[in-house]
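Have a look at the structure below before the remarks.
The values are calculated or read from the model by the stated rules, or taken from the named source; none is laboratory data. These numbers were taken from a predicted model, which means no experiment stands behind them. All Cβ positions, even for glycine, are placed from backbone atoms using ideal geometry, and neighbour counts span all protein chains on display.
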Amino acid sequence: MSDIRTRQEIPENDCWDLTPLFSSDKDWESLYKNLEGRISGYEDFRGRLSESFDAFKACLDFDTAMARDLDKIYTYAHLKNDEDKTNVHGDGLFQRAANLSTRIFDAASFITPQIQAISGQTIAEFLREPSISDYRFYLERILRTIPHTRSEEVEQLLAVAGETLSAPRQIFGQLDNADLSFGTLTDPQGKSVSLTHGNFILLLSHKDRNFRQKVFSQYYRVYENHKHTLAAALSASVKKDLFYARARQFSHARQSALFYDNIDTSVYDTLITNVKKNLGPLHCFLDFRAKAMGLDALHVYDTYVPIVGDIAFHMPYEEAVDTCIAALAPLGEEYGTILKQGLTRGWVDRYENKGKRSGAYSSGCYDSPPYILINYEEKSINSLFTLIHEAGHSMHSYYSRRHQPYPTHNYSIFVAEVASTLNETLLGQYLLKKYADDPRMKAYILNREIENIRATFFRQTLFAEFEQQIHTLAAQNKPLTLEALTMEYKGLLKTYFRDHMVIDEPLGLECLRIPHFYSSFYVYQYATGISAALAISRRIQALGQAAVDDYLGFLALGGSLFPMDALKTAGVSMAEPAPVLETITHFETCVHALETIWNTRLNP
């Protein structure tokens, strides 16, 4: 019998409250039909944008109102779908929302080309009008994309193709979350345990090595059984990215992905180059881990076990919320009060249920709370860190929506990961102070901090290099077969870990199970994000309230500046290698502190 509850068995108070979006599916249907009926209104503006300022402004206002309502429709549908991927009703809502989105994008596809066709003198006059101020940065971004915008007919075709070309991601999501079953295992105590995405890492942290190896093997055996389908889906997603890049006259999908946020490709290259030049601290830690665990050879399934054992972590959700609020006290009373209300009153869908989307995220729209999906596990410290991570995203959204108009509220992922990882950093600092007189617990927290940086910084950089390599292969018209994908990935595993960790054969399939690869050139932002977050944390420690004010001001900027410019207001320049190098130094300092505690207090 499965120990994973159905959606109906989850108490209402443990689920997110979607009524701020729609009180019922009936209300969703009502707005859906209303929005569907308004699509034809776009035709009233076709060919008229240069006619007068009033026509120009009216078109922007109409499109904004459509987009804002569509956000509500889409957000509700995707949240309902993620509650239970096996629920056909939720899947139907999501598919209808995606289809409506495609139709609206199709109808609105003339707007950008027509804005770009307006003469420079006329558009300059329009931009000087006070009533257009909310749209100014939005329009500046559109004008910047003139070299990569096609004719109205081509733009319409690209919009229509959106739903079809999203198929690889949809196929992967359905297969990975709804259809793959990892079975059950018998733990060392003789208890039958379901193996899921949600508890995979928790089970890998078990002190029994044979059990860990069994968990690892059974989990990857499922991917082995579906490897050809998964490889085909990833290959199709990469080719979709290449299609869009070429259609918009970019030389490479990476150039396309970074262009819209005005991120120079040197930022990406600087990250990879400096990490690969400074892998020594990572290797030292892996060697220390193997020694501390008494292992002749370290495998990936050994890397999730706390080096300091026999510390039973148990933190119910309500206590986790209180811990998060205490850890985030440096950000001010207002920040903490708002967050606590959200985490306890409807923002969060807390626990795993059958069919629920794996992992965690923060989502929402301008007219909704900043919702959080999580699969909280009270026996895992990782869940505590995940909660405070997603809370960072949600508070960024809260401040952005409170301070920005709709056209500039939507901030870039590049800066989003700063808010989330700063929260994790503050939690780590809080826990280290809390357990300063307990060497075992302090070592446990240091170990978690090190592993967080290893996963968020080093591992995501490896992922980023893998993405660059497979997109380059596609750009060179080389086939992305299962063998090609796994060979590239295994090569990087060997480069990053060398002889400091055994690369088990199934680990080559890891590249086929990473959802973020379906959002191209996304993962590098985790590494740059933690680098910027650590820099802001150091600044808060050094400058106090002035740095906090700068940071909260940064959150309130939303998408009103390009992300690199927004970060400068918080005192961080990602155009320089310093934040990346200082992250490596911080990692090395934590490793040294852990080794010192281990050698002098725990294992003298």
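Brief remarks on what is shown
- When residues of the stretch 174-192 are limited to those that are crowded, with 18+ Cβ neighbours inside 10 Å and touching a residue at least 60 places away in the same chain (Cβ under 8 Å), the one nearest to Leu482 (Cα to Cα): Asp176
- Across the stretch 318-369, the number of residues qualifying as of a type outside the set (D, E, K, R), out of contact with any helix residue (DSSP H, G or I) (no Cβ under 8 Å at 6 or more places or on another chain) and on the phi < 0 side of the Ramachandran plot comes to 2.
- Listed by first and then second residue, the pairs linking a residue in the stretch 495-514 that is in the same structural domain as Ala297 (by TED's automatic domain parsing) and more than 23 Å from Thr273 (Cα to Cα) to a residue that is outside any helix (DSSP H, G or I) and of a type outside the set (S, T, N, Q), with Cβ atoms under 7 Å apart and 6 or more places separating them unless they lie on different chains, are Val502/Ala297; Val502/Leu298; Val502/His299; Asp504/His299.
- The stretch 578-604, residues that are of a type in the set (A, V, I, L, M) and either outside the structural domain of Asn274 (by TED's automatic domain parsing) or in contact (Cβ under 8 Å) with a residue 60 or more places away in the chain (or both): Val580, Leu581, Ile584, Val591, Ala593, Leu594, Ile597, Leu602
- Unique match (being part of a loop (DSSP other than H, G, I, E, B) and either more than 17 Å from the chain's Cα centre (by Cα) or without any contact (Cβ under 8 Å) to a residue 40 or more places away in the chain (or both)) among Ala443, Ala436, Ala326: Ala436
- The stretch 256-267, subset out of contact with any Phe, Trp or Tyr (no Cβ under 6 Å at 6 or more places or on another chain) and buried (at least 16 other Cβ atoms within 10 Å of the Cβ), residue farthest from Phe463 (Cα to Cα): Phe259
Listed here are the residues, each with its yes/no results for (1) surrounded by fewer than 21 Cβ atoms within 10 Å (Cβ to Cβ); (2) closer than 30 Å to Phe172 by Cβ.
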| site | (1), (2) |
| --- | --- |
| Glu319 | yes, no |
| Cys324 | no, no |
| Thr337 | yes, no |
| Gly342 | yes, no |
| Asn353 | yes, yes |
| Arg357 | no, yes |
| Ser362 | no, yes |
| His389 | no, yes |
| Gly392 | no, yes |
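- Condition check for Val154: farther than 20 Å from Phe250 by Cβ and in a helix (DSSP H, G or I): no
- Just one of the listed residues (Arg128, Arg136, Arg68) is out of contact with any helix residue (DSSP H, G or I) (no Cβ under 8 Å at 6 or more places or on another chain), of a type outside the set (A, V, I, L, M, F, W, C), surrounded by fewer than 20 Cβ atoms within 10 Å (Cβ to Cβ) and under 26 Å from Gln404 (Cβ atoms), and it is Arg128.
- Positions within the stretch 200-231 being free of Cβ contacts under 8 Å to residues at least 40 places away in the same chain and assigned to a helix (DSSP H, G or I), in sequence order: Phe200, Leu203, Asn210, Phe211, Lys214, Gln218, Tyr219, Asn225
- Test result for Ile39, of a type outside the set (S, T, N, Q), in a loop (DSSP other than H, G, I, E, B) and surrounded by 15 or more Cβ atoms within 10 Å (Cβ to Cβ): no
- Arg254 satisfies every condition listed in (1) under 21 Å from Gln476 (Cα atoms); (2) outside the structural domain of Met501 (by TED's automatic domain parsing) except (2).
- Qualifying positions in the stretch 332-365 - in contact with an Asp or Glu (Cβ under 6 Å, 6 or more places away or on another chain) and either more than 28 Å from Phe200 (Cβ to Cβ) or outside any loop (DSSP other than H, G, I, E, B) (or both): Gly346, Ser362, Cys365
- Odd one out for Arg601, checked against (1) part of a helix (DSSP H, G or I); (2) touching a Phe, Trp or Tyr at 6+ places or on another chain (Cβ under 6 Å): (2)
- Selected residue [in a helix (DSSP H, G or I) and touching a residue at least 24 places away in the same chain (Cβ under 8 Å)] from Leu49, Leu18, Leu79: Leu79
- Failed criterion for Ala575 (all others in (1) in contact (Cβ under 8 Å) with a residue 40 or more places away in the chain; (2) surrounded by 17 or more Cβ atoms within 10 Å (Cβ to Cβ); (3) of a type in the set (A, V, I, L, M, F, W, C) hold): (2)
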